[in-house]
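Coordinate-derived values only; no laboratory data. Only a predicted model underlies this, so the values are computations on that prediction, with no experimental measurement involved. Every residue, glycine as well, gets a Cβ built from its backbone with ideal geometry; the counts of neighbours run over all protein chains shown.
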Amino acid sequence: MPTILSHAVVPLAIGLGAGRDRVSPALLLDGAAASMLPDLDVLAFHLGVAYAHPFGHRGFSHSLLFALALGLAARLLAPRPRASRLVAFCFVFLATASHGLLDAFTTGGMGVALLWPLTETRFFAPWRVIQVSPLSLNQIFGAKGLAVLLSELKWVWAPAFAVGGMLALLARFHQPPATRQTESGVR
């Protein structure tokens, strides 16, 4: 898996790129939390659940069904994050789904149960370029952790913020001319 913070980079970059008028700060926080939530499944190790079990690491909580469930929950709670129900659903669904998709690009693990419960098959992306993060804190703060961080900067952070920047530019150019002039101080 990428480190837990790198999972939050995807919704943060998209949300910041979309702007506060589309993705409120509350919804941005919800999306960041939703993108990290699937890794709570590591607690299953402490409960004796095997990695390969559907409820083990990278199992059901990394599935598109889980992302759909969180998206629907966000839709129901949409007034809290001050967003339309559709925007709340889409943003939280995509934020959660991005977790499993990023994990599929890692160099380790047993794959991701993206299509659970339709199949327990675990999938990897065709290109496994993101260095898998160690589960041990001792290794995260060592040479292995540095290699993972550099890999994530290259394969997660840079592309996410490039997409976020492009979204911000597109949003800026799609504003009515009067709005652009007012924001830049020209009247």
Which listed residue (Ile14, His53, Leu40) has the Cα farthest towards the positive end of the charge dipole for the chain, taking +1 on Lys and Arg C-beta and -1 on Asp and Glu C-beta about the Cα centre?
Ile14
How far is the Cα center of the stretch 105-163 from the Cα center of the stretch 8-48, in Å?
16
Spin-label zone in the stretch 21-64 - amide nitrogen under 14 Å from a point set 7 Å from the Cα of His174 along the C-beta vector
21-23
Could you size up the charge dipole of the stretch 1-132 around its Cα centre, putting +1 on the beta carbon of Lys and Arg and -1 on that of Asp and Glu, and report it in debye to the nearest 20?
360
Given 0.36 nm per residue, what is the gain on full extension from Thr107 to Ala158 after removing their alpha carbon distance, in nm?
16.5 nm
Burial ranking of peptide ranges 6-12, 157-163, 40-46, 25-31 (average Cβ count within 10 Å, highest at the top):
6-12, 25-31, 157-163, 40-46
Computed [θ] at 222 nm, helices only, for the chain once each DSSP H run of length n ≥ 4 contributes -39500 (n - 2.57)
-16500 deg cm²/dmol
Taking the chain as the reference, fit the longest principal axis to its C-alpha atoms, fit the long axis of helix 143-152 to the helix C-alpha atoms, and give the angle between the two in degrees, 0 to 90, nearest 10.
40
